[in-house]
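One structure is given below, encoded as structure tokens.
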């Protein structure tokens, strides 16, 4: 009886019999990680997205270039013996031989087609240059009125043909008469107030 009691006490002291004693230590003596404990998430696992800066492209403005044709400079048509002058590019001088005013600047020849009207589109070679025909000269078409050959129309032409009843208007030292009509003189009947070339 005594020996049985002694055995029981020894067994208790040595933990004999029953279930094996478990230890939280591994064979190497290290503490095992609790399976229920999850590893902390690595804060570096999630990449930080950087803001993307988009630079607006500069606005390109269209440049429109307008070609402006450059023509010859305007000049003045002498309109009669007075100080009246007309634009060689936008007007003509109208000599009203029957109505008044006697001399007038008009927009075109249709405004100078009354009885006895004489449209004068030039008074010198400079007007032909202004009108874009620099090789032309200013010529008058003539009509015999019984006392002299009078101008019925004046315009820039390639040549003035005396045989066709034409005479050059606006001659001067700088714009001399041709050899066929060498004399430049002030007209008294053909077209008073202008210089003309005559034989």
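The values are calculated or read from the model by the stated rules, or taken from the named source; none is laboratory data. In this text the structure is predicted, and so the values were computed from the model without any measurement. Reconstructed Cβ throughout: ideal geometry from the backbone, glycine too, with neighbour counts over all protein chains shown.
Numbers for the structure displayed
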| quantity | calculated |
| --- | --- |
| Strands (runs of 3 or more DSSP E) completely within the range 103-199 that count 3 or more residues being touching a residue at least 24 places away in the same chain (Cβ under 8 Å), on the phi > 0 side of the Ramachandran plot and out of contact with any strand residue (DSSP E or B) (no Cβ under 7 Å at 6 or more places or on another chain) | none |
| Verdict on residue 155 being surrounded by 18 or more Cβ atoms within 10 Å (Cβ to Cβ) and out of contact with any helix residue (DSSP H, G or I) (no Cβ under 7 Å at 6 or more places or on another chain) | yes |
| Flag for residue 99 being modelled with pLDDT of 80 or more and over 24 Å from residue 160 (Cα atoms) | yes |
| Sole residue being modelled with pLDDT of 95 or more and under 15 Å from residue 87 (Cα atoms), chosen from 122, 112 | 122 |
| Lone unmet requirement of (1) touching a helix residue (DSSP H, G or I) at 6+ places or on another chain (Cβ under 7 Å); (2) within 18 Å of residue 90 (Cβ to Cβ); (3) modelled with pLDDT under 95 for residue 180 | (2) |
